[in-house]
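Contents: one structure, followed by commentary.
The values are calculated or read from the model by the stated rules, or taken from the named source; none is laboratory data. What you see is a predicted model; the values in this text were computed from it and never measured. Every residue, glycine as well, gets a Cβ built from its backbone with ideal geometry; the counts of neighbours run over all protein chains shown.
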Amino acid sequence: MGNHLGNGGSYHFRSLNPGLIDRLRSIVGEEGLIYRASELKVYECDGWTIEKNTPELLVLPKNTAEVSAVLRTLYAEGIAFVPRGAGTGLSGGSLPLNAPVMVCTSRMNRILSIDYANRRVEVESGVVNLHVSNAVKAAGFFYAPDPSSQAACTIGGNISENSGGPHTLKYGVTTNHVLGLELVLPDGEVVELGSAVEETCGYDLVGAVVGAEGTVGIVTRATLKLTRQPEACRTFLAIFADVDSATRAVSAIIAAGVIPAAIEMMDQLIIQAVEEAFHVGLPKEAGAVVIIEIDGLAAGIDERAEQVRSLVLANGAKEIRLARDETERAALWKARKRAFGAVGRLAPNYATQDGVVPRTRLPEILREITNVSRRYNLRIGNVFHAGDGNIHPIILYDERDPDQVRRAIEAGRDILKACVEMGGSLSGEHGIGAEKMNEMPLLFSPDDLIVMAELRRVFDPLERSNPNKVIPQPGACVEVAAPRRQVAV
Amino acid sequence: MTEALIKSNHLSLERLAAAFESLLSDSGRVRIAQGPDAEVASLVVEPTTVAELGEIVRKCESDSLALVPLAGGNTLRQIRRHPAIVGVSLSRMDRIVNYEPHDMTVVAQAGITLGKLNQAMAEYRQHLPLDPPHPEKVTLGSLVACAKAGPLRLSEGRVRDLLIGIEFIGHQGRAVRAGGRVVKNVAGYDLMKVMTGSYGTLGIITETVFKVRPVPEKWELLLAPFENASDAFEAADGLYQQLPLLHLEVLSPVVSSQISGTRKSLVVAAIGGNDAEVEYQRGLARDRLKGALSTLTDVAAFETYVRLRDVEFEDAAIEAQIAVLPAKLASCLNALQCEYVAYAGSGVARLFAREVKDAKQALELVSEWRAKARASGGHLRVVSLAKELRSAGIAMFDTVNEGAMKLMAELKRRFDPAGIFNPGCFIGGL
């Protein structure tokens, strides 16, 4: 159906009718709608770029009332939608599948109140993660979950994915820092869940919404916990000949009862990419480097640093360097957080995987990744949260070669399968999204999935919010998967 | 009740017991409840496997029999006004399934007590740092189902922060698993959160997976008495702002006398870490707390911590828990006029009312407490009532807004469509 819109352009809507567009325009204004094909192209995928699908319409509400009115309108028309924050997700969580309308929270970006006495901050869901920490920095606080995309990703997206980050080893992931939520249900009803106090009254619905990957409606507001900045920290770069000895050293630190703020590992391929991109002085010949950060009281931190240093050296490190000042520390973290970007220089495309194994199985899974790399003849780099066994193999490929795309997808699946076989999980922090939906039966029984689907339907009985995500359609995986997969080739 | 009716009830119970017995692989594991158990359930069934428990659930659903998890029974005795027909005891499902000290995770069946679990991990200097009163009596099932916590909540978090996997038996006797054995995991919906604090209303928890923590290398307990509560809270707050304390409490004078022998407001603060950290914190605390600060170490510290953790008023007519904004805890407690253990920094407190004239006065007192907790941004849950007050119509759980309540009712309906899991006594009568 072709629609002639009143502003001089002709646009092709595959399923939406012009009356609906007018009604949505009356809610969010012309500036709150995007429908030109060229502008919609940006929204065809998130950080999971292997699958692409452009929405027919993007709606950008400014506040809860607009979100509610938009969802009520869509609900009445029987139209499904996909929520989106900044689009930095890595599992295709905001890939439109059978959902023609995308609702984006990026214009809802105000920090509403900061309450230092109670260590709480209330934000709109479109606020960028790092902006929260920046706003409270001078007062000596921060917002602990720190995904690598924290300069861009939104709190709403973090809530949907239950995002982690390097420092979650010590400080916990998103769900440990969210106390209360305002949620707009798919029928447009606005509900308040949780509160600003620590104990839950009744069922923990906040806990159910965090990590639900946008399948329960749209979070519009959140009350978060603030964490006091540690008095002191020490950041090390430990250099190893190979990943095996690096993982042994990680285990030794944890076994000694030290819980560092972060332990991040990079293998040789990543070291070289990062060094070429940022010149932070990583030793290019090293088999693996580990960034270890400890923090806490200034008193006693040097003793703890010494403890870490001797544990690392006793477990096979070739060298360990202490960041001498904040500049050196910042450079190390910059290198780590931009590692994914640096890899972009090595191949036209890359897919970042996200699996978890029990920490003691890290050497095994890394060996398995090497095998997978050989089997599929694809280069795979590793940069990951070693402290909690959360791996991020980065599979390099060229999307212009359909066979490479196929091999990249299969290599990723093989790695996930190996994670599950070692007692691990399909995802530590990126979510299941569209990417791993069909792998869910590796981890969960049909009964588990039936009950999980029931939980989703408590909020979204008609499955209008982000359909076809997280839980595979029972008995219909292949049929559903085949037509929707618009693999970029 | 006439003697004939009692006799016929007893006979039908015996028939029912025999029916449940036939679902289990060996005999002697179904009994008619006696003593305190009888206040909670009429029959007690002790399955040994998930499959047996599945059969029990299916039978209860097909015969419309209310089913409750029965651990110590203390919580249920308080919240249930009438016994359910069937109580499931997991006393024979009490194994540690898998403890991986190097991964710092533990998988254990729900029937094991927290005390036993922690004993088993002590040789690796690790523990599950959840410390409700009397861990030797608290099973992991009740720990999770009632979201129990204690002093260490300040530094280590609560059940929702440490529970990484779960198995429960739900509708149609399905064994449902979520989460896993790894400390970081976002695969699938978070049924751990849903089951935590659900008081047995969504299914029977059979297995739990927790991340565990190192026991601090060294720790000490600091005690400082104050003439009045507001000075105590101010001093506690000063410490909280500067130090990463393991736990921090302010006790009302009567509670304080049970812990320390001093009938004054008491600040209790636990500091831990390596030698240098402990020494620094001790010094700073001395400046902050001034006065008659005493420092306890080793056995003395541990014994005092245990008294604090387990503090109980045998003669308390009402025990309640409030959760308010942390900065409002002091003023809220001041307005309540009761005995308390306040978890400063968390905004949570256990409250005790010692003497209550009658049920009517109890009802009024709870209403007043609840109103004040709400005025401080929070809510109140009644933990226990003296037996004679249980018929006063006191709501044990607080309320939530209409929208949230509607979702909670829908959650209950979808997880327990037959309405057999501990029905009728949770929030909003769920």
Checking B:ALA232 against (1) more than 12 Å from chain A (Cβ to nearest Cβ); (2) on the phi > 0 side of the Ramachandran plot, which single condition isn't satisfied?
-> (2)
Criterion violated by A:ARG36 - all others in (1) at pLDDT 95 or above; (2) in contact with a Gly (Cβ under 7 Å, 6 or more places away or on another chain) satisfied | (1)
Residue count for the stretch A:351-383, restricted to those that are modelled with pLDDT under 95 and within 9 Å of A:ALA411 (Cβ to Cβ) = 2
Residue pairs meeting the criteria (Cβ under 8 Å; at least 6 apart or on separate chains; first within 11 Å of another protein chain (Cβ to nearest Cβ) and touching a residue at least 12 places away in the same chain (Cβ under 8 Å), in the stretch A:181-192; second surrounded by fewer than 18 Cβ atoms within 10 Å (Cβ to Cβ) and not in a strand (DSSP E or B)) | A:GLU189/B:GLY403; A:VAL190/B:GLY403; A:GLU192/B:ASN401; A:GLU192/B:GLY403
If you check B:THR201 against the conditions, is it at the interface with another protein chain (Cβ under 8 Å from one of its Cβ atoms), under 30 Å from B:PHE168 (Cβ atoms) and under 20 Å from the mean Cα position of the chain (by Cα)?
-> no
Checked against (1) within 16 Å of A:LEU313 (Cβ to Cβ); (2) crowded, with 17+ Cβ neighbours inside 10 Å; (3) not hydroxyl-bearing (Ser, Thr, Tyr), A:ALA241 satisfies every condition except (2)
Taking the stretch B:131-180 and keeping only residues that are farther than 28 Å from B:GLY345 by Cα and either at pLDDT below 95 or in a helix (DSSP H, G or I) (or both), one is left with B:HIS171, B:GLN172, B:GLY173
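Is at least one residue of the stretch A:211-218 of a type outside the set (Phe, Trp, Tyr), in contact (Cβ under 8 Å) with a residue 12 or more places away in the chain, over 30 Å from A:VAL451 (Cα atoms) and part of a loop (DSSP other than H, G, I, E, B)?
Taking the stretch A:211-218 and keeping what is of a type outside the set (Phe, Trp, Tyr), we get A:211-218.
Filter once more, keeping what is in contact (Cβ under 8 Å) with a residue 12 or more places away in the chain: A:211-218.
The next check asks that each one be over 30 Å from A:VAL451 (Cα atoms); those that pass are none.
The answer is no, given that none of the residues of the stretch A:211-218 is of a type outside the set (Phe, Trp, Tyr), in contact (Cβ under 8 Å) with a residue 12 or more places away in the chain, over 30 Å from A:VAL451 (Cα atoms) and part of a loop (DSSP other than H, G, I, E, B).
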Restricting the search to the stretch B:398-407, which residues are more than 7 Å from chain A (Cβ to nearest Cβ) and in a helix (DSSP H, G or I)?
-> B:GLU402, B:MET405, B:LYS406
Hey, any hits in the stretch A:429-447 for a residue that's touching a Lys or Arg at 6+ places or on another chain (Cβ under 6 Å), within 14 Å of another protein chain (Cβ to nearest Cβ), surrounded by 23 or more Cβ atoms within 10 Å (Cβ to Cβ) and closer than 23 Å to A:VAL274 by Cα?
-> no
Top-ranked residue of the stretch B:133-144 - restricted to ones that are away from chain A (no Cβ under 12 Å) and under 30 Å from B:ARG413 (Cβ atoms), ranked as nearest to the chain's Cα centre (by Cα) = B:LEU143
Return a yes/no flag: does the stretch B:356-368 have any residue that is within 26 Å of B:VAL194 (Cβ to Cβ), in contact (Cβ under 8 Å) with a residue 24 or more places away in the chain and either touching a Gly at 6+ places or on another chain (Cβ under 6 Å) or surrounded by 20 or more Cβ atoms within 10 Å (Cβ to Cβ) (or both).
-> no
Taking only the stretch A:352-394 into account, find how many residues are away from chain B (no Cβ under 11 Å), at positive phi and buried (at least 24 other Cβ atoms within 10 Å of the Cβ).
-> 0
Do you know which of the residues in the stretch B:210-229 that are part of a loop (DSSP other than H, G, I, E, B) and either among the charged types (D, E, K, R) or within 21 Å of B:ALA276 (Cα to Cα) (or both) is farthest from the other protein chains (Cβ to nearest Cβ)?
-> B:GLU227
For the stretch A:209-222 the number of residues that are surrounded by fewer than 24 Cβ atoms within 10 Å (Cβ to Cβ) and facing another protein chain (nearest Cβ under 8 Å) is 0
A careful count of residues in the stretch B:50-80 that are touching a Ser or Thr at 6+ places or on another chain (Cβ under 8 Å) and part of a loop (DSSP other than H, G, I, E, B) gives 3
Among the residues of the stretch A:15-65, write down those that are assigned to a loop (DSSP other than H, G, I, E, B), within 28 Å of the chain's Cα centre (by Cα) and among the aliphatic types (A, V, I, L, M).
-> A:ILE50, A:LEU60
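Here is a list: B:LEU154, B:LEU163. Which entry is touching a residue at least 40 places away in the same chain (Cβ under 8 Å), hydrophobic (A, V, I, L, M, F, W, C), more than 8 Å from chain A (Cβ to nearest Cβ) and over 25 Å from B:LEU407 (Cβ atoms)? Write out each step before concluding.
Working: B:LEU163 fails: over 25 Å from B:LEU407 (Cβ atoms).
The unique qualifying residue is B:LEU154.
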Look at B:ALA323 and say whether it is closer than 26 Å to B:TYR305 by Cβ, without any contact (Cβ under 8 Å) to a residue 60 or more places away in the chain and either at the interface with chain A (Cβ under 10 Å from one of its Cβ atoms) or among the charged types (D, E, K, R) (or both).
-> yes
List the number of the failed condition for A:GLY423; all other conditions in (1) at the interface with another protein chain (Cβ under 10 Å from one of its Cβ atoms); (2) part of a helix (DSSP H, G or I); (3) modelled with pLDDT of 95 or more hold.
-> (2)
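This table checks each residue for (1) touching a helix residue (DSSP H, G or I) at 6+ places or on another chain (Cβ under 9 Å); (2) farther than 23 Å from A:LYS337 by Cα; (3) of a type outside the set (Val, Ile, Thr); (4) in contact (Cβ under 8 Å) with a residue 12 or more places away in the chain.
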| position | (1), (2), (3), (4) |
| --- | --- |
| A:ILE50 | yes, no, no, yes |
| A:LEU60 | yes, yes, yes, yes |
| A:THR64 | no, yes, no, yes |
| A:GLU77 | yes, yes, yes, yes |
| A:ALA86 | yes, no, yes, yes |
| A:MET108 | yes, yes, yes, yes |
| A:ILE111 | yes, yes, no, yes |
| A:ILE114 | yes, yes, no, yes |
| A:VAL127 | yes, no, no, yes |
With respect to the numbered conditions (1) surrounded by fewer than 20 Cβ atoms within 10 Å (Cβ to Cβ); (2) at pLDDT below 95; (3) away from chain A (no Cβ under 14 Å), which one is the sole condition not fulfilled by B:LEU70?
-> (1)
What are the residues in the stretch A:223-266 that are away from chain B (no Cβ under 14 Å), in contact (Cβ under 8 Å) with a residue 60 or more places away in the chain and not in a strand (DSSP E or B), if any?
-> A:ALA241, A:VAL243, A:ASP244, A:SER245, A:ALA246
Out of curiosity, is B:GLU410 in a helix (DSSP H, G or I), among the acidic types (Asp, Glu) and facing chain A (nearest Cβ under 10 Å)?
-> yes
Can you find even one residue in the stretch A:292-312 that is out of contact with any Gly (no Cβ under 9 Å at 6 or more places or on another chain), under 19 Å from A:TYR171 (Cα atoms) and surrounded by fewer than 16 Cβ atoms within 10 Å (Cβ to Cβ)?
-> yes
Would you be able to tell me the number of residues in the stretch B:81-109 that are among the hydroxyl-bearing types (Ser, Thr, Tyr) and outside any loop (DSSP other than H, G, I, E, B)?
-> 2
